[in-house]
1. Taking the dipole about the Cα centre of the range B:84-194, with the C-beta of Lys and Arg at +1 and of Asp and Glu at -1, give me whichever of B:GLN102, B:MET174, B:GLY188 is farthest to the positive side.
2. Using θ = phi - 60° and the Karplus curve 6.51 cos²θ - 1.76 cosθ + 1.60, what whole-Hz ³J(HN,Hα) does each residue of the range A:26-41 get, with Gly and Pro shown as x?
3. Which of B:GLN54, B:GLN243, B:GLN15 moves most in a GNM of chain B, Cα contacts under 10 Å?
4. Suppose the chain between B:ASN92 and B:GLU154 were pulled fully straight at 0.36 nm per residue; how much longer would it get relative to their current alpha carbon spacing?
5. Given axes a ≥ b ≥ c from the Cα gyration tensor, I'd like to know whether chain B is rounded (a/c under 1.5), prolate (a/b larger than b/c) or oblate.
6. Work out, step by step, the length gained on full extension between B:CYS252 and B:ILE215: first 0.36 nm times the residue separation, then minus their alpha carbon distance; give nm to one decimal.
7. Just how many pairs of Lys in the protein assembly as shown have C-alpha atoms closer than 30 Å, counting pairs that are eight or more places apart or on different chains?
8. Within 10 Å of each candidate Cβ there may be at most 13 other Cβ atoms; applying that plus a DSSP loop requirement, which chymotrypsin sites (Phe, Trp or Tyr not before Pro) in chain A survive?
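Bear in mind these aren't lab numbers, they're just calculated from the coordinates by the rules spelled out. Owing to the predicted nature of the structure, the values given are computational and were not obtained by experimental measurement. Here the Cβ is made from the backbone with ideal geometry for all residues, glycine too, and neighbour counts use every protein chain on show.
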Amino acid sequence: MKNEWPLWEIFIRGQHGMSHRHVGSLHAPDAEMAIKNARDVYTRRNEGVSIWVVEAKHISATAPGDKGPLFEPSESKIYRHPTFFDIPEEVGSM
Amino acid sequence: MSVDKQQLLQFLLRQGDNTLVLGHRVSEWCGHSPILEEDIALANTALDLIGQTQMWLGYAAEVQGEGKTADDLAFLRDAWDFRNVLLVEMPNGDFGQTLLRQFLFDAFQSVLMGRLMKSSDEQVAAIAAKASKEIAYHVERSADTVVGLGDGTEESHDRMQAALEYLWPYAGEMFESDDTDAAMAAAGVAPDPAGLREEYDALIGKVLGEATLTIPDSRYNHKGGRNGAMHTEHLGHLLTSMQWLQRAYPGCEW
């Protein structure tokens with residue numbers, strides 16, 4: 001593994017006003033080359049207007065084993081969804 | 001000022017043949033690069049170059065006025081008709097040699113396109129404007145890789161230095177001037193290439209310095225490509241592979 005370039009996670013903003021979305025990962029020796037590689041691998045069909053790269057080791061993630069205490073409690077709290085309000089037509093899409 | 005059509009044609013063939021031959025050379029890496037990311041990046045570069053070729057040779061065919069297309073010029077001419085500089089037909093060698101060749105050419109193109117965007121010929125200016133964005137990326141990428149490999153491990157450094165010594169005698173041909181260049185300069189179509197050398201040397205000097213590579217002292221230049229006097233033996237082999245389909249099945253389309 002010593003000779004492998006580090007792994008980078010790639011996020012692309014598809015158009016102005018949208019959020020960056022995770023599109024995949026790739027290998028590169030440094031951040032600059034990761035951006036160039038991302039440009040070549042993930043935007044060759046005009047998919048993006050902005051690229052973020054993050055070295056995979058810097059991403060902290062939830063553990064699959066913790067999903068009970070983390071996510072299940074919200075399953076039963078439907079009142080947290082804003083679906084009980086009547087939205088006036090004039091507001092348009094929200 | 002009116003331009004001599006034959007001289008303009010010659011100028012356009014030089015541009016188009018450079019990008020065609022290098023585009024084909026770079027495409028030879030497809031599926032063979034050291035890593036997937038570089039494979040895709042090189043394929044993108046090759047496609048950019050072929051795209052530029054379509055514009056240059058398309059315009060060349062129009063100026064020629066014999067009812068030919070860019071494809072006719074690309075696939076139905078023989079080695080002695082080609083007007084590319086020898087540098088772009090040199091073999092790929094290892095990955096480092098390919099990227100060094102790319103950098104030496106990209107740097108020239110980046111200097112040239114800045115001038116061609118102000119060409120008195122609107123079509124030349126439009127092609128240069130479109131190509132210049134691709135070239136700006138190409139030269140950034142090839143320069144970064146040259147620095148990465150040159151200032152890398154002992155082995156990568158030695159390979160890059162060997163590649164520079166091998167390719168350096170082919171860099172000077174890009175700055176040769178002849179009657180065609182004089183005619184293009186007089187008409188404001190294109191600059192005299194000899195006048196681009198200083199800017200080019202500054203650009204490559206900075207990058208090769210960062211790459212800890214030593215530019216050879218010799219200014220001896222191989223030439224004969226851009227004026228068609230004599231290509232290297234490598235061009236014929238390249239054309240054999242590139243033109244095979246149109247030679248074996250004339251007029252084949254799909």
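1. Of the options given, the answer is B:GLY188.
2. With the stated coefficients, the range A:26-41 comes to 7, 9, 7, x, 8, 4, 4, 5, 5, 5, 5, 4, 5, 4, 6, 8 Hz.
3. B:GLN243
4. 20.2 nm
5. Oblate shape, in that a/c is at least 1.5 and b/c is the bigger or equal ratio.
6. That works out to 8.7 nm of additional length.
7. Eligible lysine pairs with Cα atoms under 30 Å apart amount to 27.
8. In loop regions of chain A (DSSP not H, G, I, E or B), the sparsely surrounded chymotrypsin sites (Phe, Trp or Tyr not before Pro) are A:PHE84, A:PHE85.
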